[in-house]
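The values are calculated or read from the model by the stated rules, or taken from the named source; none is laboratory data. The shown structure was predicted, so the numbers you read here are calculated from the model rather than taken from an experiment. For neighbour counting, all protein chains shown are included, and Cβ atoms are generated from backbone atoms with ideal geometry for every residue, glycine included. Please note that ligands, DNA and RNA were not included when accessible areas were found on the heavy atoms of the full protein model with its side chains. Shrake-Rupley method; radii C 1.70, N 1.55, O 1.52, S 1.80 Å.
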Amino acid sequence: METSKAQERDSGVRGTNERGNIERQQTLDDTLSLTTDRKLRLFACACCRQVWHLISDERSRGAVDMAEWFADGHASAEDLAKAWHLAEDVFWELFRAGIVQEHGNAEAAARAASWVASVNVTEAAWQTFEALRAAVGPSEEQEHAAVRRDLFGDPGRFPLLKPAWIEWNEGYVPDLARSIYDSKDFVQMPLLAEALMEAGCREEYLLAHCHSERPHFKGCWLLDAILDQK
């Protein structure tokens, strides 16, 4: 009897987890289907940066950097293709060696770094996301959610940026946002919150995002909104 109850409990937990995974997958489906090629590419790059500790080869890291530059129009298709070939070499080297690190799958992380530079940006986004799940495990939902929230925010919670905030102090807010974005120095996000407040912003959702301890990436929805990037 106790065994039967335990089996029912375990079955219920699995069912709940499966339903949750389906719901999260549907949310991601809806989000990615409505976004731009640039955002898709940067989503893929952000997935890679979530497992950066597993991506140690400079060829793989270079592919992620190149994909970010390409997404923002600073690299050519030829540059992207070269980066993809180099990252593919790393993946196959690890695949043949069967290397798995203590806290994740280096092979899957290398696969993500090669996919990120794929010509097909939709496929790049999906395959990189799946590689992230393989690298850290499907149970690590916080890893997956952090990327999604930083790039796309929470549905239905997008306060409008007032022109007065953007124009304040000769455009100090967008200048700071540009500096943070270009340098990827996201530790300065609280400074952006301070600037927004001085400009008159009292939107808690915007300010809380700046102060969030969750990671930020290129493609961050707030920086994109301030910089008018799609």
Counting Lys and Arg as +1 and Asp and Glu as -1 over every other residue whose Cβ sits under 12 Å from the Cβ of Phe158, the net charge comes to -2
Low-density loop positions, GluC sites (Glu not before Pro), the range 150-214 - DSSP coil, at most 10 other Cβ in 10 Å:
Glu213
With the cut-off at 1.5 for a/c, could you classify the range 179-230 from its C-alpha gyration tensor as rounded, prolate or oblate?
prolate
With all protein chains present, calculate the accessible area of Leu40 using a 1.4 Å probe and round the result to the nearest 10 Å².
10
Which shape class applies to the range 38-179: rounded if a/c is under 1.5, otherwise prolate when a/b exceeds b/c and oblate if not, where a ≥ b ≥ c are the square roots of the Cα gyration tensor eigenvalues?
prolate
Given a 1.4 Å probe and heavy atoms of the protein chains only, how would you sort Asp150, Asp228, largest accessible area at the top?
Asp228, Asp150
So which lysines can Lys184 reach, going by Cα to Cα under 21 Å and dropping same-chain residues fewer than 8 places off?
Lys39, Lys218, Lys230
With a 1.4 angstrom probe the carbon and sulfur portion of accessible area for the range 89-230, in percent, totals 51
